[in-house]
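Step one of this worksheet: look at the structure below.
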Amino acid sequence: MKFKDQHIISMRDFSREMIDHILSAAEVMEPIARGEQRSDLLAGKILAVLFFEPSTRTRMSFETAMYRLGGDVLNLGSVDASSISKGETLADTIRIVDGYADAIVLRHPKEGAAQLASEFSRVPILNAGDGAGHHPTQTLLDLYTIKRESHLEDLKIALAGDLKYGRTVHSLCYALSLYGAQITLISPKELCMPEEIVNDIVERGAEIIETDSVEDAINDVDVLYMTRIQKERFPDPAEYHKVANRLKITTESLKDVKPGLKIMHPLPRVNEIDPKVDATLHACYFRQAFYGVPIRMALLGLLMGAIQ
Ligand code: CP
């Protein structure tokens, strides 16, 4: 298995063997991610961070991962303060930044932007979200969370919310299909999972159930993965207001669920999970956000050739 110098663009490019290898490497990284052990594994290496859309978790956990491993971070910062505001293309920006860094993390509003960047870059591109497309490093941390908090074998999982525009659920479906998961898709009909993704994942071995009711679907699952309605991706704000607040989890919704049910969310949440749920044993979304650090440490170590 060769990870060194590879681009990370889509979960479609991963085999189960590759995913399991990354999850095992992340386990080794976890004490370093928690600050319990020190490491200079990436000393002398530089990670460039280019975010054309807002982020808290993805950007900061990549930066933490790099610092925890003794490396450095070069952050483009605000797009408005860079030469992109003068009209520089993404291709040219990448051709410049790849001379300054050993890998580039890119978040961009256009689907396909990370693939395009990879065609111009001499160093690995890590797709940190391309429009409604993919978010593969989020999926790896989601799988790590499921492995740590529940189980990946014989998994019954419900994905709820904006399945049309939510890139985290698109990527996660592809990965879960490799584990033969039973996946229940819960969304208003206006926001259902694109048909081509459903067809692809059924072909890859997943069992799919589709519904628009959270209450009907969550009592039999091991994991409930909630998502935010992606307001910023709606061409018409009126369409957003029709579906906003349609799906919401409260402590009342959880009265008949399995005792071991884990609730995940890539965050940020808006109001799809009532804050009272945070105090239940089901909530694991804040730990999920932390798991982004060991996963991204493992990925950076593998891509930069510091571990195998
Ligand atoms: N989960 C996630 O991608 O969060 P951010 O948008 O804060 O990076």
Point-charge dipole on Cβ atoms (K/R +1, D/E -1) for the stretch 136-289, about Cα centre, debye to 20: 580 debye
Efficiency of FRET from Cβ geometry, GLU17 and ALA244, R₀ 51 Å, rounded to 0.05: 0.80
Value of relative contact order over the chain, rounded to a whole percent, pairs C-alpha under 8 Å and six or more apart: 22 percent
Fully extended contour minus Cα-Cα distance, from ASN219 to SER78, at 0.36 nm per residue: 46.4 nm
Cα-centred dipole magnitude for the chain, charges only on beta-carbon of K, R (+1) and D, E (-1), debye, nearest 20: 740 debye
Whole-Å distance, taken between Cα centres, linking the stretch 116-176 and the stretch 34-53: 21 Å
Equivalent ellipsoid dimensions for the stretch 1-148 as semi-axes, Å, which come from the Cα gyration tensor, largest first: 25, 18, 14
Rounded if a/c under 1.5, otherwise prolate or oblate - the stretch 166-298, Cα gyration tensor axes: rounded
Listed residues LEU155, MET264, ALA279: farthest to the positive end of the dipole of the chain (Cβ charges): ALA279
Top positive-direction residue, dipole computed over the chain with Cβ charges, set GLY131, ILE186, ILE208: GLY131
Nitroxide proxy distance, nm - points 7 Å out along Cα→Cβ at ARG95 and LYS255: 6.4 nm
Likely footprinting exposure, HIS135, HIS21, HIS151, HIS265, fewest C-beta neighbours within 10 Å first: HIS151, HIS21, HIS265, HIS135
Debye equation applied to the C-alpha atoms of the chain, log10 I(q)/I(0) at 0.08 Å⁻¹: -0.34
Positive-end residue, the chain charge dipole about Cα centroid, Cβ charges, pick of VAL293, ILE19, ILE46: ILE46
Virtual spin-label span in nm between ASP40 and ASN271, 7 Å along Cα→Cβ: 5.3 nm
Whole-number percent relative contact order across the stretch 72-175, with pairs defined as alpha carbons under 8 Å at least 6 apart: 20 percent
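Only the coordinates and a few stated rules stand behind these numbers; no lab work does. Since this is a predicted model, take the numbers as computed values, not measurements. Methodologically, a virtual Cβ is constructed for each residue, glycine included, from the backbone with ideal geometry; neighbour enumeration extends over all protein chains shown.
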